[in-house]
Amino acid sequence: ANIQVLSVACLQQLSMRKLEQDQWFRIISSLPSALFQASNAAAKRAAERGLPSPHCLEMLVEQLEFHKSVSKMGSMLISAHLAHITTDKDIASGCGPKFEAVSTYLRLLSEMMSHQSGVICGDQMNTWIGLLRDPAIVRTNVVTPHIANVLVAYMTHIVRIRWEDVWDQNHSYASLIEASWDDEEEYEEWLGNLRSKATQLFRSIGATEPEISVTVVHSKLRNLMAAHSNGEPRDHLNTENNELTVKSTACCEFEGITQPLDNILHGLPSWAMDNGSYDEKRNKVRATIRPLLAEIASMIVNWNPNDVWLKFRRTITWRLARG
């Protein structure tokens, strides 16, 4: 694993330089297959040790430094060379080997963000913001297929972790979390920075991909309502009145949906909301998202929790949904 980390560190130093376009394309074309081989080697090591999977907790902890370094290096390789994407005619046309190479590479980055440690996706934040802020890149189809993965990952990790669950080893990934941050103070600082940067990311996704963003946030809210609308699993209760507290799972989960819902709704383009006449593509997107937005409003209006903290969350969420 140390050799892997050192190898990635060498690539990171290379990624910080201004590479020529041909050099850059050779690197991003070869990295996915190299990392696939590394994944196969990890699976072999896990099998030799009798572990159930290369994705089991023990292997995740063991490979965390490698995964972190790959995510950071991989994102820097994109953000430092955005011009190579915007100036290439193949990518602009949405076809050709260079377009496929960049698409495959971005798929690799987006799939890495499903990692159970939030530090992995945290290292990629600036890259995705840079991609979405570049009009020339947005006009291509190179980023769109990966936006749902990106949005789901950040919506997952923006939910606060109860640190006492980590202390007591009650969290499913307690040892991975302990390996990711030194203590609760470092985690809270990281979460604050993540949420601060995520505002721009969520708004950019809402502005550039309104259909994807509304679909994802609608699905997330629907799942939250199904799982936690009555306070389930009713943990961390107030011992005096058996009410939920700010640390209850339901409250944490609904607190986590607040920012993405607010930012995405405020990022939606005006054509997605008004009654103007636009081209067929925009009219189709608008026809898709309007019923979803209506369902979001309906879910919140019809939500009638008994617990004070959930009533508070309902009020906040409804204010955001009304704009």
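Quick notes on this structure:
- Residue in segment 69-92 that is farthest from the chain's Cα centre (by Cα), counting only those that are open to solvent by 10 Å² or more (accessible area, probe 1.4 Å) and among the hydroxyl-bearing types (Ser, Thr, Tyr): Thr87
- Just one residue in the set Arg222, Arg313 is at pLDDT below 95, surrounded by 13 or more Cβ atoms within 10 Å (Cβ to Cβ) and either in contact with an Asp or Glu (Cβ under 9 Å, 6 or more places away or on another chain) or within 24 Å of Arg162 (Cβ to Cβ) (or both); that residue is Arg313.
- Unique match (being charged (D, E, K, R), more than 15 Å from the chain's Cα centre (by Cα) and modelled with pLDDT of 95 or more) among Arg203, Arg234, Arg195: Arg234
- Residues (surrounded by 18 or more Cβ atoms within 10 Å (Cβ to Cβ) and over 27 Å from the mean Cα position of the chain (by Cα)) located in segment 29-66: Ala46
- Among the residues of segment 270-288, those identified as surrounded by fewer than 18 Cβ atoms within 10 Å (Cβ to Cβ) and among the aliphatic types (A, V, I, L, M) are Met273, Ala287.
- When residues of segment 294-310 are limited to those that are open to solvent by 80 Å² or more (accessible area, probe 1.4 Å) and not aliphatic (A, V, I, L, M), the one nearest to the chain's Cα centre (by Cα): Glu295
- Qualifying position, being at positive phi, open to solvent by less than 40 Å² (accessible area, probe 1.4 Å), touching a residue at least 40 places away in the same chain (Cβ under 8 Å) and not hydrophobic (A, V, I, L, M, F, W, C), among Gly256, Gly267, Gly231: Gly231
- Of the criteria (1) open to solvent by less than 50 Å² (accessible area, probe 1.4 Å); (2) at pLDDT 95 or above, which one Pro291 fails: (1)
- Residue in segment 133-144 that is in contact (Cβ under 8 Å) with a residue 40 or more places away in the chain, part of a loop (DSSP other than H, G, I, E, B) and charged (D, E, K, R) present: yes
- Meets criteria (open to solvent by 20 Å² or more (accessible area, probe 1.4 Å) and at pLDDT 90 or above) for Arg26: yes
- Of the criteria (1) out of contact with any His (no Cβ under 7 Å at 6 or more places or on another chain); (2) touching a residue at least 24 places away in the same chain (Cβ under 8 Å), which one Leu106 fails: (1)
- So Ser75, is it small (Gly, Ala, Ser) and free of Cβ contacts under 8 Å to residues at least 24 places away in the same chain: no
- Residue in segment 25-33 that is of a type outside the set (Gly, Ala, Ser), assigned to a helix (DSSP H, G or I) and touching a Pro at 6+ places or on another chain (Cβ under 9 Å) present: yes
- Pairs with Cβ under 7 Å, 6+ apart, first in segment 116-130 and under 17 Å from Pro145 (Cα atoms), second assigned to a helix (DSSP H, G or I) and of a type in the set (S, T, N, Q): Gln124/Ser71; Gln124/Ser75; Thr127/Ser75; Thr127/Ser79; Ile129/Gln200; Ile129/Ser204; Gly130/Ser79
- Filtering segment 122-132 to residues that are more than 10 Å from the chain's Cα centre (by Cα) and in a loop (DSSP other than H, G, I, E, B) leaves only Asp123.
- Within segment 165-192, the set of residues being touching a residue at least 12 places away in the same chain (Cβ under 8 Å) and part of a helix (DSSP H, G or I) comprises Val166, Ser175, Leu176, Ile177, Glu178, Ala179, Ser180, Glu184, Tyr187, Trp190, Leu191.
- At least 2 residues being at pLDDT 90 or above and farther than 17 Å from Gln23 by Cα is the threshold, and among the helices (runs of 4 or more DSSP H) wholly inside segment 52-121 those reaching it are 57-62, 64-79, 97-112.
- Of all the numbered requirements in (1) modelled with pLDDT under 95; (2) buried (at least 20 other Cβ atoms within 10 Å of the Cβ), Asn170 misses one, and that requirement is (2).
The values are calculated or read from the model by the stated rules, or taken from the named source; none is laboratory data. No experiment lies behind these values; they were computed from the predicted model shown. Note: ideal-geometry Cβ built from the backbone for every residue, glycine included; neighbour counts use all protein chains shown. Accessible surface areas use protein heavy atoms only, side chains included; no ligands, DNA or RNA. Shrake-Rupley method; radii C 1.70, N 1.55, O 1.52, S 1.80 Å.
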